[in-house]
Amino acid sequence: MKYKITTNYAPLTLAITLKTSKPTKLQLCVYDVTDKTRTFTDRYKTIDGEETLYVRMPLSPEVAIVEVYNSSLGKNIPREQEKSFEIVSVRKTPLERRLDENDMGNALIKSFVDFSQKFSFNLGELTPNTYKSDDNRYFIRLSQQIKGEDGKVLNTPARIGRKTGIIEVSKEEFQKMTIPMRLAILFHEFSHYYLNEQINDEMEADLNGLLIYLSLGYPRIEAYQAFLETFQGRPSKLNKDRADLIDKFINDFDKMNMVIK
């Protein structure tokens, strides 16, 4: 079942109220009507009765499609035959942010935020090449796949040159992600080189990147998903500790149990 809504590129939150007659696992997707690679959320939730789901969108398209379907039945059920749930309403509400974009700390962060958002939004149209920010300060090298020195494909969506500060992105991996997931990864890589006190410290980069991501108002669930997919297939104590720290940081941020400097 699809619902079209005009969002006019504005920062906002979509409040999507769904109703079921019994516990039903529903998939919720929000994407650009002109380009489905511009996906803003892709999540599922078991709904029992009536419940409102909120989709935070610091970036939005001109017109968005809200698509909801029963996970067990698939998305090709004709609207008139879909009886397992209903979309009660889709409303535009204000986006809650902790910090205004103009208070993001300094011009260096603002520049990268603008650059990475444009890059992530337009990824589907970009060809492998090196892209630069408007102020020529930051560079992203887009490759179809990221390969190691031995020519083998690496199982990573992005990495940053520890000597150059150039971020390399796998288009193949990034295309599988929502726009917020892409940004969670880019803010992490940016933090390694430009914000960390210890350039190789993964946990420090996690927290520095998440502070930017959460302050801008991006959805928490997409941040979790970005890191979980990165950790998938790489079980280690470090990754478990990182996952626990990320969970605590996000919870503390939302409860305001932290000081933002």
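The values are calculated or read from the model by the stated rules, or taken from the named source; none is laboratory data. Note that the coordinates shown come from a computational prediction; the quantities given were computed from them, not determined experimentally. Counting neighbours? That spans all protein chains shown, and the Cβs are built from the backbone with ideal geometry, glycine included. Surface accessibility is based on the protein's heavy atoms, side chains included, excluding ligands, DNA and RNA. Shrake-Rupley method; radii C 1.70, N 1.55, O 1.52, S 1.80 Å.
Applying the selection to region 1-17, what residues are out of contact with any Leu (no Cβ under 6 Å at 6 or more places or on another chain) and either surrounded by 17 or more Cβ atoms within 10 Å (Cβ to Cβ) or of a type in the set (Val, Ile, Thr) (or both)? Hits for region 1-17 are Met1, Ile5, Thr6, Thr7, Leu14, Thr17. Entry remark, region 155-180: residues being in a helix (DSSP H, G or I) and open to solvent by 10 Å² or more (accessible area, probe 1.4 Å) number 3 in total.
For region 109-147, which residues satisfy the criterion of being assigned to a helix (DSSP H, G or I) and either open to solvent by less than 70 Å² (accessible area, probe 1.4 Å) or hydroxyl-bearing (Ser, Thr, Tyr) (or both)?
Ile109, Ser111, Phe112, Val113, Phe115, Ser116, Gln117, Phe119, Ser120, Phe121, Leu123, Gly124
The residues on offer are Thr41, Thr24, and the sole one that is β-branched (Val, Ile, Thr), open to solvent by less than 80 Å² (accessible area, probe 1.4 Å) and over 23 Å from the mean Cα position of the chain (by Cα) is Thr24. Only one entry in Ile250, Ile246, Ile221 is within 12 Å of the chain's Cα centre (by Cα), assigned to a helix (DSSP H, G or I) and β-branched (Val, Ile, Thr), namely Ile221. Among the residues of region 162-213, those that are out of contact with any strand residue (DSSP E or B) (no Cβ under 9 Å at 6 or more places or on another chain) and charged (D, E, K, R) comprise Arg162, Lys163, Lys176, Glu197, Asp201, Glu202, Glu204, Asp206.
Considering region 234-254, the residues that are open to solvent by 30 Å² or more (accessible area, probe 1.4 Å) and either touching a Pro at 6+ places or on another chain (Cβ under 6 Å) or aliphatic (A, V, I, L, M) (or both) include one that is farthest from Tyr224 (Cα to Cα), namely Leu238.
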